[in-house]
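Chemist: Dumping the structure here so I can ask a few things about it.
The values are calculated or read from the model by the stated rules, or taken from the named source; none is laboratory data. Every value quoted in this text rests on a predicted model; they were computed, and no experiment measured them. Neighbour counts are summed over all protein chains in view; Cβ atoms, including those assigned to glycine, are modelled from backbone coordinates with ideal geometry.
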Amino acid sequence: MHYQYDYYDIVEQALRAPSGHNSQPWLVKITPNQIMITADYSRSLTVVDPLHRELFISLGCLAENICIVASTKHYQTQVELNDKGQIMIHLTRSPQLPVDPLANYVIKQQSNRSLYHGGNITRQQRTVLTTMPLYPNIDCHLYPRDTEQFNLIRELILAGNTLQMADKRFITELKQWMRLNKKHAQTTNDGLSYAILGAPNLPLFMVKPIMACFLKASIQNRQDDQKIKSSSDFMLLTTQQNTKKEWINVGRSLQRLLLACTANQISYAFMNQPIEVNKLCIEMQQRLHLTTLPSIVLRLGLANVQPYSRRKPLQACLMSD
């Protein structure tokens, strides 16, 4: 069936979507005129994301990627959420449909955890992000370096590190998703690889004790503070309500913003610590005088391209009948 070849190719490209700890918590089912995305709760982050908020944001990112890539094959898409929390993407051939220009950047995007160059993004680059149409009830805020809001978010990120690194459950979960050398990363095709973390490719018996020494709040705060100071802006996405529908809309909006960053040579990295700790999330909302709910925080800046995170092969993500 011809549609299958198109749909498989669309999904394979779309799997570049981001997810917490690169957990890739999704399964996909392909049927005539439809691609269904469902959560793979076996890959959820039960400590850092107990409500599955970040999981559904990731599903939204994948859904938007599918819609964007589908435009390159001239499929019109319609997205809906069913009662089971599954995302149904209906596809209709439309030969005159224009290609979404963001499609050129789907396979190029990456979360860049490195130290940035220290320069500021331009007013024109900021305008691209602040004027991008977003999905309902989603807002995007940019806070440039040296503003009161930027410094507040920095403070809350470091506080989040301190609280998370003191939680043994958080450390245990984090270790489960760390891929400590090349062989380990190639075996799983997921998680936080040694290359992304800036670690050398060493045998496991050597790297495990080394990495354990680095999982301390003081070290994490020192590293993150340097990275924050090298960044230009924080970007904060907010929602009206904490519902699956709005989390998915956050993900769809976020994915378009990330591709726009890639298109405009803006590097980004997630800094969600203060949102993952509920009391810090409430504090962020109050001190930033927000009437909406903080959902995703990223730092933006200028940097060199880094090694890409690995992705599971398409077959590993497909649901059987």
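Chemist: Restricting to the stretch 259-296, name every residue that is within 13 Å of the chain's Cα centre (by Cα), under 20 Å from Gln220 (Cα atoms) and crowded, with 20+ Cβ neighbours inside 10 Å.
Modeler: Result: Tyr268, Ala269, Met271, Asn272, Ile296.
Chemist: Being part of a helix (DSSP H, G or I), in contact (Cβ under 8 Å) with a residue 60 or more places away in the chain and of a type outside the set (S, T, N, Q) is the filter here; which residues of the stretch 118-155 pass it?
Modeler: Across the stretch 118-155, the qualifying residues are Arg126, Val128, Leu129, Phe150, Leu152, Ile153, Arg154.
Chemist: Could you check the stretch 150-164 and list, in sequence order, the residues that are surrounded by fewer than 18 Cβ atoms within 10 Å (Cβ to Cβ) and farther than 13 Å from Ile228 by Cβ?
Modeler: Result: Thr162, Leu163.
Chemist: Only residues that are outside any strand (DSSP E or B) and touching a Phe, Trp or Tyr at 6+ places or on another chain (Cβ under 8 Å): list them for the stretch 165-188, please.
Modeler: If the condition is that a residue be outside any strand (DSSP E or B) and touching a Phe, Trp or Tyr at 6+ places or on another chain (Cβ under 8 Å), then Leu180, Asn181, Lys182, His184, Ala185 are the ones that fit.
Chemist: Also, quick follow-up: Got at least one residue in the stretch 297-317 being touching a Phe, Trp or Tyr at 6+ places or on another chain (Cβ under 7 Å), surrounded by 22 or more Cβ atoms within 10 Å (Cβ to Cβ) and within 25 Å of Gly85 (Cα to Cα)?
Modeler: Scanning the stretch 297-317 turns up at least one residue that is touching a Phe, Trp or Tyr at 6+ places or on another chain (Cβ under 7 Å), surrounded by 22 or more Cβ atoms within 10 Å (Cβ to Cβ) and within 25 Å of Gly85 (Cα to Cα).
Chemist: Quick one: which of Arg256, Arg179, Arg169 is within 19 Å of the chain's Cα centre (by Cα), among the charged types (D, E, K, R) and closer than 30 Å to Lys84 by Cβ?
Modeler: Step by step, each of Arg256, Arg179, Arg169 is checked, and only Arg256 is within 19 Å of the chain's Cα centre (by Cα), among the charged types (D, E, K, R) and closer than 30 Å to Lys84 by Cβ.
Chemist: Separate question: Quick check on my filter: what residues within the stretch 189-248 are without any contact (Cβ under 8 Å) to a residue 60 or more places away in the chain, out of contact with any strand residue (DSSP E or B) (no Cβ under 8 Å at 6 or more places or on another chain) and either among the small types (Gly, Ala, Ser) or in a loop (DSSP other than H, G, I, E, B) (or both)?
Modeler: Result: Ala199, Pro200, Asn201, Leu202, Pro203, Ala212, Leu215, Lys216, Ala217, Ser218, Thr243.
Chemist: Report whether or not Pro25 is free of Cβ contacts under 8 Å to residues at least 40 places away in the same chain and either in the same structural domain as Gln255 (by TED's automatic domain parsing) or not polar (S, T, N, Q) (or both).
Modeler: Judged against the criteria, Pro25 is a match.
Chemist: I would also like to ask the following. Considering Cys67, Cys61, which residue is surrounded by 17 or more Cβ atoms within 10 Å (Cβ to Cβ) and out of contact with any Pro (no Cβ under 7 Å at 6 or more places or on another chain)?
Modeler: Checking each option against the conditions leaves just Cys67.
Chemist: Let me confirm something: among Leu237, Leu204, Leu174, Leu180, which residue is surrounded by 14 or more Cβ atoms within 10 Å (Cβ to Cβ) and farther than 21 Å from Ser44 by Cα?
Modeler: Result: Leu237 is the single residue among Leu237, Leu204, Leu174, Leu180 that is surrounded by 14 or more Cβ atoms within 10 Å (Cβ to Cβ) and farther than 21 Å from Ser44 by Cα.
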